[in-house]
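*Asks:* Encoded as structure tokens, here's the structure I'll be asking about.
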Amino acid sequence: MEKYFNRYPHNQEKAIEHYHLNIELSEWFYPCLSIFEVSFRNNLNRELSLEFVEEWFLKFESIPGLRNLKTNINTVQRHIVNRNEIITPNKVVAELTLGFWVRLLNAEYELMLWKPLRKAFPNLKKEQRQRNNISAPINKIRNFRNRVFHHEPIAWNFENLEKIHFDLLEVMFWLNTDLPNIAKRHDRIPQLLQKAKGKL
């Protein structure tokens with residue numbers, strides 16, 4: 001609560017109200033973040049499987065420039081084995097972190113991975129389908145997602161939240177045109193932000 005009390009040093013009630021609003025906003029960002037994350041990872045996995053093989057993560061060790069990704073893959077495989085489960089492509093894909101998937105869009109892997117991975121965003125216009133045009137907003141979403149999932153304050157700048165919400169829906173559209181409409185079935189972010197502006 002310290003950050004909230006520091007923001008409202010003479011109004012404890014307002015600090016507590018802002019704290020609860022942060023919880024509510026974090027809760028209602030969850031559907032959009034969840035739909036984005038699963039779809040993003042699945043689209044990238046699909047294109048990697050088509051370019052290499054279904055177990056593309058095993059081939060990375062033999063490809064110069066991709067071997068440094070093997071640490072993350074080994075960690076996931078070790079976790080699966082420690083649970084006495086069989087390693088399968090689906091299990092590996094599901095357990096790799098969002099940070100791993102976002103990292104695949106970094107400049108260091110552009111020559112090796114961008115050609116197949118750009119196809120994961122079929123609804124972005126071809127002239128705009130450049131790696132940096134895609135990696136920049138997705139990195140911002142990843143940073144925001146981490147704040148939400150680690151229970152950090154997100155409700156300081158409502159204009160920034162509106163932009164993140166817009167970016168989430170836009171990136172979902174790049175992945176699959178149906179996703180924004182699916183997300184909107186659960187989406188109360190615009191209403192909550194309007195309410196917040198009136199209160200704080």
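*Asks:* With all pairs of different alpha carbon atoms counted, what Kirkwood hydrodynamic radius in Å does the range 1-74 show?
*Replies:* Computed over Cα pairs of the range 1-74, the Kirkwood hydrodynamic radius comes out at 16.1 Å.
*Asks:* If you don't mind, another one. Against the globular-protein guess of 2.2 N^0.38 Å, express the Cα radius of gyration of the range 49-163 as a ratio, rounded to two decimals.
*Replies:* In units of the globular-protein estimate, the range 49-163 measures up at 1.23.
*Asks:* Assuming R0 = 45 Å, can you tell me the calculated FRET efficiency for the pair Y8 and R185, based on Cβ-Cβ distance, to the nearest 0.05?
*Replies:* That gives a FRET efficiency of 0.80.
*Asks:* Can you tell me what the convex hull of the Cα atoms of the chain projects to on average, as an area in nm²?
*Replies:* Computed as one quarter of the Cα hull surface, the answer is 13.2 nm².
*Asks:* What nm value, rounded to one decimal, do you get for the distance between E51 and K125 when each label is placed 7 Å out toward the C-beta?
*Replies:* Label at E51, label at K125, 2.5 nm between them.
*Asks:* Given labels modelled 7 Å from the Cα in the Cβ direction, how far is it in nm from L58 to N106?
*Replies:* 2.6
*Asks:* Moving to a separate point now. Rounded to two decimal places and with Rh computed the Kirkwood way over Cα pairs, what is Rg over Rh for the range 39-115?
*Replies:* With Rh from the inverse mean 1/r over Cα pairs, Rg/Rh is 0.94.
*Asks:* Helix-derived [θ] at 222 nm for the chain: sum -39500 (n - 2.57) over DSSP H runs of at least 4, divide by residue count, nearest 500?
*Replies:* -21500 deg cm²/dmol
*Asks:* Output the relative contact order of the range 41-119, whole-number percent, from Cα pairs under 8 angstrom with separation of 6+ residues.
*Replies:* Relative contact order, the range 41-119: 36 percent.
Here, each number is a calculation from the coordinates, and none is a lab measurement. All values derive from a computational prediction rather than experimental measurement. We place every Cβ from the backbone using ideal geometry, glycine too, and count neighbours over all the protein chains shown.
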